[in-house]
1. Can you give me the Cα centroid spacing of the stretch 148-195 and the stretch 29-47 in angstrom?
2. Starting from the 7 Å offset along Cα-to-Cβ, what nm value, one decimal, do you get for the label separation of residue 118 and residue 67?
3. For the stretch 99-204, what is the accessible area per residue in Å² when the probe is 1.4 Å?
4. Would you mind calculating the gained length between residue 32 and residue 187 on full extension (0.36 nm times residue separation, minus the Cα-Cα distance), in nm to one decimal?
5. Using a 7 Å offset from the Cα along the Cα-to-Cβ direction at both residue 174 and residue 204, what is the distance between the two label points in nm, to one decimal?
6. Between residue 166 and residue 20, what is the label-point separation in nm under the 7 Å Cα-to-beta-carbon projection?
7. Take every Cα pair under 8 Å in the stretch 1-157 that's 6+ residues apart, average their separations, divide by the length, and report that relative contact order as a whole percent.
8. Sort 174-182, 152-160 for me by packing, meaning the mean count of neighbouring Cβ atoms within 10 Å per residue, highest on top.
Amino acid sequence: MIAIVDYGRGNLRSVEKALTHVGADARIVTDEKSLDNAGAIVLPGVGAFRDCMDNLREAGLIEPVIRNINKGKPFLGICLGLQLLFAESEEFGHSEGLGIFRGTVPRFPQSELKVPHMGWNSVSIQNRPPIMEDVEDGSYFYFVHSYYVAPEEPGIIAATTDYGIEFTSMVWKDNVFATQFHPEKSQSVGLKVLKGFSDFAGRN
């Protein structure tokens, strides 16, 4: 079973529907026991970084999420679910994240480009993760975000995207995958990513 973490933030139903479409047994969960019993975890997220961390804390889910990641359970973060993996965000001052990866979450610099970065953009694969096995390099995915991750460890950068600057649009390390784009909103190519994660979870 793939547990989709419900902490009051995220496109839960669309993620659940997309995972079910590719054959996964996906369920929306709200408690620690369900996370511990799951075969894999998906952490979606939209909105403000600090609010999401506060919601996770109030739900008692910060420690269970970190513990399951560290145990090697397959994990997929989506959009804010990617950003929350990092040590801190610059949104509204400084907000502490889950600290799975070293690095910060800055805002896009001022330029002629609109912020938030919203719509379709291409993804350049730098280090192909197993869940992207069937995805062509340069494929277009759907984005909605004003902040991006700046990892301190170059080795975790799986893919990048250009929006005035080149930013990290996907990370991967061992059992942890996370995307800045929304695979559940990215039509057939997004379903390939979710199918890849489901298959990876089934093997591990």
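The values are calculated or read from the model by the stated rules, or taken from the named source; none is laboratory data. Everything numeric here is computed off the predicted structure, so don't read it as measured data. Please note: Cβ atoms are built from the backbone with ideal geometry, for glycine as well, and neighbour counts cover all protein chains shown. The area values use the complete protein model at the heavy-atom level, side chains included, leaving out ligands, DNA and RNA. Shrake-Rupley method; radii C 1.70, N 1.55, O 1.52, S 1.80 Å.
1. Answer, in whole Å: 20.
2. Result: 4.0 nm between the two label points.
3. Here the per-residue accessible area is 47 Å².
4. 52.7 nm
5. Those two pseudo-labels are separated by 1.0 nm.
6. Distance between the two pseudo-spin positions: 4.1 nm.
7. About 18 percent, as a whole number.
8. Per-residue mean Cβ counts within 10 Å order the peptides as 174-182, 152-160.
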